[in-house]
Each structure stands twice: as C-alpha cells, then as structure tokens.
C-alpha cells in the first residue's frame with residue numbers, strides 16, 4: 001500500500017493507494033480530483049518545475065517555470081538545460097524562454113519581467129526634498 005498526500009487543493013487529503021487485480025484502489029480522497037491525482041501519481045508522476053536563469057550582463061536572475069507539469073523522470077535533464085540558459089533583456093512575463101524543455105513537450109516560461117537598457121530613469125530629486 002502506498003500513502004500519498006493529495007496536492008490538488010489546500011485540504012491535503014491523505015490517500016491510500018493499493019494495486020489490486022482489478023486496478024488501483026484509492027481511499028481517503030475527499031473529492032474526485034483526489035482519485036485522478038492518485039492515479040496519475042502512481043502511473044505517470046509529473047511535477048511543475050520552478051527555477052531561475054541568468055540574465056546577460058546582470059547579477060539579477062529571472063524566475064521561470066514550466067508551463068505545465070513535466071514527467072518526474074525528466075526533472076534532472078530539465079534542470080541541466082536550465083542551468084545553461086542565459087537570457088538577454090528585455091524579457092516579459094509569460095515569454096517562452098525554451099520550447100520543449102528536456103524533450104517533454106512543455107515550454108519553459110518567464111514568471112518575471114526584466115526591462116531592457118534605457119528603461120530605468122534616474123530619480124530627478126531624492127525622496128523628501130522639494
């Protein structure tokens with residue numbers, strides 16, 4: 001018997017999954033989504049992946065994530081690809097950074113914005129002075 005904590009919603013139901021002759025027996029779910037989660041977790045586990053990539057010419061990092069969950073078995077390969085990525089500004093939130101990450105069929109997208117050169121104007125007067 002395998003014990004899981006459902007992560008589909010904040011309730012976090014404790015699931016017990018048993019493989020039988022007639023398929024999976026799932027108990028402890030509070031809703032149908034828990035059954036689907038347990039089935040997927042037992043047959044083809046997937047995870048959302050979040051990370052940061054380098055920004056050319058900056059110490060700042062750009063946060064990124066997979067657009068949808070990728071197979072758990074591909075996470076290591078995906079992280080190796082992400083480590084090699086350097087983006088050049090400007091980058092907008094939601095922009096695809098890499099198509100087909102780790103041959104998963106899932107794109108890597110920016111979850112932050114990095115402005116290009118000339119987008120920052122110096123303050124003309126300091127705060128508190130008039």
12 Å cut-off, amide nitrogen to a point 7 angstrom out along residue 7 Cα→Cβ, residues in the range 88-104: none
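Tell me what the chain gives for mean residue ellipticity at 222 nm when only DSSP H runs of n ≥ 4 count, each as -39,500 (n - 2.57), the sum divided by the residue total, rounded to 500 deg cm²/dmol.
Working: 2 runs with 21 residues, N = 130.
So the calculated ellipticity at 222 nm is -5000 deg cm²/dmol.
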The range 2-43 - Rg and Dmax from Cα coordinates, angstrom: 9.4, 32
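Taking 2.2 N^0.38 Å as the expected size of a compact globular protein, what ratio does the Cα radius of gyration of the chain give against it, to two decimals? Write down the numbers at each step before the final one.
Working: Rg = 21.2 Å, N = 130, 2.2 N^0.38 = 14.0 Å.
For the chain, the normalised Cα radius of gyration comes out at 1.52.
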Length-normalised contact order for the chain - Cα pairs under 8 Å, 6+ apart - percent: 16 percent
Dimensionless Rg ratio for the range 50-110, taking C-alpha atoms and the 2.2 N^0.38 Å reference: 1.05
Förster radius 25 Å - calculated FRET efficiency between residue 67 and residue 31 (Cβ-Cβ, nearest 0.05): 0.50
Stretch gain in nm, segment residue 81-residue 48, where the contour uses 0.36 nm per residue and the Cα spacing is subtracted: 10.3 nm
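Values in this text are rule-based calculations from the coordinates and carry no lab data. In this text, all values refer to a predicted model and were calculated from it rather than measured experimentally. No Cβ is skipped: glycine too gets one built from the backbone with ideal geometry, and neighbour counts run over all protein chains shown.
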